[in-house]
Each structure stands twice: as C-alpha cells, then as structure tokens.
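The values are calculated or read from the model by the stated rules, or taken from the named source; none is laboratory data. Just so it is clear, the structure is predicted and the values come from calculations on it, not from any experiment. Backbone-built Cβ (ideal geometry, glycine too); neighbour counts: all protein chains shown.
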Amino acid sequence: MTIWLKKVLLIIFGCLVFGVPQAICATSPLEQVKVAVNQVIEVLRQGELQGEARRKVLGELIRSRFDFVIMSQRTLGQHWKKATEQEQNEFVRLYSELLEASYIGKIEAYTDESVDFNSEKIDDTRAVVATVVHSHNTDIPIDYSMVKKGDDWFVYDVVVEDISLIKNYRSSYGEIVRKEGYAGLFDRMRKKIAELHEQPVGAGEKT
C-alpha cells in the first residue's frame, strides 16, 4: 500500500469513528456519514482526548462504525468459504485489530480537512455515499460502501479514487494464503500488529 493511500485512509477512519449515538439517529447513510465527519472534525480541533485515552475511545468507535465481518469476507474472497469457522473468526479478529492499530495513532494529525457530501445511492440494504475530501489544495473523491443492519448503516468498503480498500488487501492476502496458508497469514498479521502497538502514542508517518 502506498504512503499516499495510507494517508487518505487515515482521513477515512478519522471521519467515521466519532459520534455513534447521533449517527445512529440519522435516517440515511449520507446523513450518518455527515454527522460522523462533522463530529470527528470538531473533536480533533478541540483536542480533548490525548494519548492512550484517545486510542481507547477511537478503538471502540472504529469497531462500532465498520462491519469487519463483511469486510473480512470480501477481502478474502474465495478463500473465505474454504476457511474453517475458527480460521474465519481469527481472521476477523486480527483484521479488525490490524486496521485499528494501523491508523488509530495517526488520525489526530488531520484537523484541517473539509468534506463535501455529494450523493447517496441506496439499493435495499446496500448504499454508496459519495464524498470529496479537500486536503491541502487537493480534492480526493471517497466513496463509502455501506450495509444496513436494523436502523443503522455500517461501512464495509472504501473506494479512494477508484482504489478499493478491500481489493487492495485481497490481492496481498490472497497470495499469502495460497503460498503459506492461514497459519502463515495469521503469523504475518500478528507480527505487524505487535510492531504497531510498539509505536509511541501519536507516532507514524506524517507523509
């Protein structure tokens, strides 16, 4: 994954993790995304949460805004059906922890972005919300693929300038599973998570 894509994904996670109670009350996927984006921007500007306290809150809220089971199924693709239930559960656990650990310490670096909420397309329980992030004189189109569960909408994929988060991971993880099996994939994921947890609070690429 390129550094540019990592930076964009930091914005994505930061835009969606805050404000769960109000977001749930929103009636459409676009409204839920808009509420979450506005709240995260406000929280980051105020800087009320810092250090480990911020990481804890972000971790809980990230997990509440993303459907990691659907993300895992689509990321593994054909390999998901071939996995045992135990392997599936372990992948979901590691995948969610990896994504959380990868970006949680870096979100606070983004406080000056603005977002346009352009449109939403709803097809029964699936929807796509189209937005544009304005960051440092750059316009970045970001589409959120969402699934409805009850009265709430959850993100299961993010497409940044036609680059899908799921497809990006599917390519690399699929190759590892073919060559090393799930044992090899899980070992790589655990090592990466351990490396990320060793980073100081707030550390990470700024470029």
Task: Per-region count, the stretch 153-169, residues in a strand (DSSP E or B) and of a type outside the set (D, E, K, R) - done: 9
Open item on the list: Going by what's in this entry, would Leu99 be described as in a helix (DSSP H, G or I), modelled with pLDDT under 90 and either over 20 Å from Val35 (Cα atoms) or of a type in the set (D, E, K, R) (or both)?
Closed with: yes
Task: Cross-chain or 6+ apart pairs with Cβ under 8 Å, the stretch 165-183 first and of a type in the set (S, T, N, Q), then surrounded by fewer than 19 Cβ atoms within 10 Å (Cβ to Cβ) - done: Asn168/Met1; Asn168/Leu5
Task: Single residue of Phe91, Phe18 found to be crowded, with 18+ Cβ neighbours inside 10 Å, out of contact with any Cys (no Cβ under 9 Å at 6 or more places or on another chain) and at pLDDT below 85 - done: Phe18
- [ ] Taking Asp151 as the residue in question, decide whether it is over 18 Å from Ala36 (Cβ atoms), surrounded by fewer than 17 Cβ atoms within 10 Å (Cβ to Cβ) and of a type outside the set (Lys, Arg).
- [x] no
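Would it be correct to say that Val129 is within 29 Å of Ala53 (Cα to Cα) and either in a helix (DSSP H, G or I) or not acidic (Asp, Glu) (or both)? If you could, list the steps in order and put the result at the bottom.
Numbers: within 29 Å of Ala53 (Cα to Cα): no; either in a helix (DSSP H, G or I) or not acidic (Asp, Glu) (or both): yes.
Criteria not met by Val129.
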Task: Members of the stretch 129-160 that are touching a residue at least 40 places away in the same chain (Cβ under 8 Å) and more than 13 Å from the chain's Cα centre (by Cα) - done: Val129, Thr131, Val133, Ser135, Ile140, Val147, Lys148, Lys149, Asp151, Asp152, Trp153
Open item on the list: Can you tell me how many residues within the stretch 170-207 are under 17 Å from the mean Cα position of the chain (by Cα), at pLDDT below 90 and in a helix (DSSP H, G or I)?
Closed with: 1
Open item on the list: Looking at the stretch 47-58, can you tell me whether even one residue there is at pLDDT below 95 and within 25 Å of Lys167 (Cα to Cα)?
Closed with: yes
